[in-house]
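Novice: Before anything else, here's the structure in question.
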Amino acid sequence: MAELEVEHLRLSFGGLTVLDGISFTVEPAELFVLIGPNGAGKTSVFNCISGIYPGKGRILFKGRDITRWSPRARAKLGIARTFQHSELFPHMNVLDNIMVGRHARIDTRPWAEALSTPGVRRAEIAHRAAIERIIEFVELEGVRYADAGSLPFGTQKIVGLARALALEPSLLLLDEPSAGLSRDERDDLARFILRIKHELKLPMIWIEHDMQMVADLADRIHVLDYGRTLASGDPQSVLSNEAVINAYLGKA
């Protein structure tokens, strides 16, 4: 069974059609890449999957129809995402920013938290241990207590990735995580993405514009253009597709 099934996804704002019948599946532990020119609808697909936009069609996660589920309900199922801009809390330290990503896993009662009951203290210890494992996984040990806003842009992007991992996701949505990064920072990001794939066995949908990274890492590629599917398949066949080349570079 596919981890995620998107069937005939449509999205419109007034008379503007943003997505026009998009369909695809994501398999277990698959690195599935969405590409397309700016404005093709890639982030809108993410917003529909995570519940921010009420698209039409069907979205099934592990066989369950979640089309009408709220964003919080989808997060509790394990659908986590990063954003094009890290959207961190700049005056909070790295550890606390990552802890925010566990909100859907925290189920202690407010009154128990106010009284700091033994159950609350045990839960806090367990959540902190989970965050420390993630900090080690993405190699942020040296900046765990630094204010997020004081960090280089590339490090902030990794903090955003760590925050998504804090949910202990079953599906990870990566929205242009390499945008604005140097080549060395992109190499580090690629290494973490491969670790997530091979060590955590997480399926991922990755929006990306760096075609070299896509060619090197993707299992399958799905190309959007003006809200429609232009091509889909393995990296070699998609990236050599004349229609895909024309969409990115224009016709001679």
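Novice: Has the stretch 78-93 got any residue that is within 22 Å of residue 145 (Cβ to Cβ), in contact (Cβ under 8 Å) with a residue 24 or more places away in the chain and aliphatic (A, V, I, L, M)?
Specialist: yes
Novice: State yes or no: is residue 60 buried (at least 21 other Cβ atoms within 10 Å of the Cβ), modelled with pLDDT of 95 or more and outside the structural domain of residue 159 (by TED's automatic domain parsing)? It would help to see each step written out before you state the result.
Specialist: Working: buried (at least 21 other Cβ atoms within 10 Å of the Cβ): no; modelled with pLDDT of 95 or more: yes; outside the structural domain of residue 159 (by TED's automatic domain parsing): yes.
In short, no.
Novice: Of all residues in the stretch 101-137, which are closer than 23 Å to residue 78 by Cα and not in a helix (DSSP H, G or I)?
Specialist: 101, 102, 106, 107, 108, 109 - these are the residues of the stretch 101-137 that are closer than 23 Å to residue 78 by Cα and not in a helix (DSSP H, G or I).
Here is a yes/no grid of residues against (1) more than 15 Å from the chain's Cα centre (by Cα); (2) surrounded by fewer than 16 Cβ atoms within 10 Å (Cβ to Cβ); (3) free of Cβ contacts under 8 Å to residues at least 24 places away in the same chain:
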| position | (1), (2), (3) |
| --- | --- |
| 129 | yes, yes, yes |
| 138 | yes, no, no |
| 141 | yes, yes, yes |
| 147 | yes, no, no |
| 158 | no, no, no |
| 166 | no, no, no |
| 171 | no, no, no |
| 176 | no, no, no |
| 184 | yes, yes, yes |
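Novice: Further, regarding this structure: Name the single residue that is nearest to residue 181 (Cα to Cα) among those in the stretch 148-166 being of a type outside the set (A, V, I, L, M, F, W, C) and in contact with a Phe, Trp or Tyr (Cβ under 9 Å, 6 or more places away or on another chain). Write out each step before concluding.
Specialist: To start, the set of residues in the stretch 148-166 that are of a type outside the set (A, V, I, L, M, F, W, C) comprises 149-150, 152, 154-157, 160, 163.
Still in the list and also in contact with a Phe, Trp or Tyr (Cβ under 9 Å, 6 or more places away or on another chain): 149, 160.
Details: 149: 16, 160: 14 Å.
Applying the filter and picking the extreme gives 160.
Novice: Let me ask you something else. Can you tell me which of 216, 225 is surrounded by 15 or more Cβ atoms within 10 Å (Cβ to Cβ), under 24 Å from residue 4 (Cα atoms) and charged (D, E, K, R)? Before the answer, list the steps.
Specialist: Working: 216 fails: surrounded by 15 or more Cβ atoms within 10 Å (Cβ to Cβ).
Testing whether each residue is surrounded by 15 or more Cβ atoms within 10 Å (Cβ to Cβ), under 24 Å from residue 4 (Cα atoms) and charged (D, E, K, R) leaves just 225.
The values are calculated or read from the model by the stated rules, or taken from the named source; none is laboratory data. These numbers were taken from a predicted model, which means no experiment stands behind them. Glycine gets a Cβ as well: all are built from the backbone with ideal geometry, and neighbour counts include every protein chain shown.
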